[in-house]
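What follows is calculated from the coordinates using simple rules that are stated; it is not laboratory data. Small disclaimer: the values here were computed from a predicted structure and weren't measured. Ideal geometry is used to build each Cβ from the backbone, glycine not excepted, and the neighbour counts take in all protein chains shown.
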Amino acid sequence: MAISVSSCLFPVAGLGTRFLPATKEIPKEMIPLIDRPIIHYGVNEAVEAGCRDMVFVTSRGKRSLEDYFDRSFELEQALKNKGKGNLCEEIHAISRMASFSCVRQPEPLGLGHAVLCGEPLCSRGYFGVVLPDDVMIGEPPVLAQLVAVHEKMGGSVVALEEVPKEETSRYGIVAAVDAGDGLWRVTDLVEKPSPQDAPSNLAVMGRYVLSPRIFDLLRDLPRGKGGEIQLTDGLRRLLQEEPIWGVVYRGRRYDCGTKESWLRATVSLALEDRVLREIVLDALREEGIVEPIVNEGPVVE
Ligand code: G1P
């Protein structure tokens with residue numbers, strides 16, 4: 001079967017000012033979550049959704065992203081020479097996850113502008129967009145849930161999450177008609193409305209499957225909220241021509257964009273791992289935050 005969504009675009013040009021000073025010299029997407037950089041999770045999700053071509057929309061200072069997904073011949077040789085064949089294989093596999101290309105966003109003009117910058121590398125059909133700050137864990141993976149809706153219903157698809165009304169001004173918010181089973185037919189979109197102006201509490205969360213028509217619409221768009229070219233405004237225009245579906249995704253979302261939310265994500269993911277869970281609990285026991293386990297002696301059957 002032909003792959004319906006073969007490219008995935010990652011807007012990764014942002015300065016990461018919410019995570020300074022860590023992000024002074026390291027791209028925020030390269031901050032590790034457990035044992036791999038945040039971007040690795042997003043790329044993995046796109047691969048699991050069937051995408052083969054990853055497109056990074058980058059800026060100055062983001063070279064380590066490219067290097068991470070490139071083959072590191074010297075490192076592989078060194079690991080092999082030390083008899084660490086398994087680790088060598090794991091490292092080599094990163095460069096084989098997909099094909100990677102980069103294009104620069106010369107000015108920080110917003111998410112819509114970042115997507116437009118990716119046009120030369122992903123205009124061959126519907127394409128995915130992953131905002132990698134949000135690490136999404138779902139089964140099936142969240143982008144794959146969107147691709148499944150696109151394959152069944154056609155048109156573009158956005159991931160939705162219900163948010164508390166007082167948080168609407170942090171997200172793109174949709175007006176939508178319930179189509180059942182977590183699926184919504186989008187009828188309007190507003191970028192970061194105040195709670196009183198929000199058409200619903202269904203927020204767009206960093207995963208999209210987009211029609212290539214969006215590029216033409218973004219090109220002609222005036223600046224919107226915050227003086228930026230907003231993807232939400234482009235989608236609003238797209239809605240006049242093509243359907244847009246919203247999926248209330250099944251899964252968990254870990255915001256890794258600030259140190260507070262990153263720390264929460266790190267602890268949550270560690271608690272899900274058998275070995276790391278014990279390390280977290282031990283640390284809490286040492287601090288007296290969690291009761292120590294009382295050794296009740298051997299169990300005699
Ligand atoms: C962007 C989009 C917004 C969306 C959000 C999801 O906002 O403009 O519509 O809801 O991502 O994370 P940003 O977080 O870049 O300000």
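Please list log₁₀ I(q)/I(0) at q = 0.22 Å⁻¹ for the stretch 119-265, using the Debye equation with identical point scatterers on the alpha-carbon positions.
For the stretch 119-265, the Cα-only Debye profile gives -1.59.
Would you please give the FRET efficiency between Leu276 and Ser101, computed as 1/(1 + (r/R0)^6) with r the Cβ-Cβ distance and R0 = 30 Å, to the nearest 0.05?
The computed FRET efficiency comes out at 0.30.
Which value, in Å³ per residue, describes the convex hull spanned by the Cα atoms of the chain?
Working: hull volume 62.5 nm³, N = 301.
With only Cα atoms used, the chain gives 208 Å³ per residue.
Taking springs between alpha-carbon atoms closer than 10 angstrom, which of Leu65, Leu75, Leu238 fluctuates most in the Gaussian network model of the chain?
Maximum among the listed residues: Leu75.
Return a single number: how many Lys pairs in the chain, at a sequence separation of 8 or more or on separate chains, have alpha-carbon atoms below 27 angstrom apart.
Final tally of qualifying lysine pairs is 15.
For the chain, calculate the relative contact order in percent as a whole number, restricting contacts to Cα pairs under 8 Å that are 6 or more residues apart. If you can, show how the numbers build up before the last one.
Values: 563 pairs, mean separation 62.4, N = 301.
The normalised contact order for the chain reaches 21 percent.
Amide H of Gln230: which non-local residues (sequence gap of 5 or more, or other chain) have their own amide H closer than 5 Å, using H built in the peptide plane?
Here the answer is Gly112, Gly224, since their amide H atoms fall under 5 Å of that of Gln230.
What angle, in degrees between 0 and 90 and rounded to the nearest 10, separates the Cα long axis of helix 85-95 from the longest principal axis of the Cα atoms of the chain?
On a 0 to 90 degree scale, this one is about 10.
So for the stretch 1-143: antiparallel DSSP bridges make up what percent, rounded to the nearest 5?
Antiparallel bridges make up about 10 percent of those DSSP assigns within the stretch 1-143.
Can you give the net charge of the other residues whose Cβ lies under 11 Å from the Cβ of Pro141, counting K and R as +1 and D and E as -1? Present the calculation step by step, with values, prior to reporting the outcome.
Numbers: positive: Arg207, Arg250; negative: Glu45, Glu48, Glu139.
Taking every Cβ under 11 Å from that of Pro141, the sum is -1.
Based on the Cβ-Cβ distance of Glu48 and Glu89, what FRET efficiency does E = 1/(1 + (r/R0)^6) give at R0 = 25 Å, to the nearest 0.05?
Values: r = 20 Å, r/R0 = 0.78.
That gives a FRET efficiency of 0.80.
Taking the 0 to 90 degree range and rounding to the nearest ten, how far is the long axis of helix 259-271 tilted relative to the main principal axis of the chain, both from C-alpha atoms?
Roughly 60 degrees between the two axes.
So what's the net charge close to Arg52: Lys and Arg +1, Asp and Glu -1, counting the other residues with Cβ under 13 Å from its Cβ? If you can, show how the numbers build up before the last one.
Numbers: positive: Arg96, Arg124; negative: Glu48, Asp53.
Residues near Arg52 contribute 0 overall.
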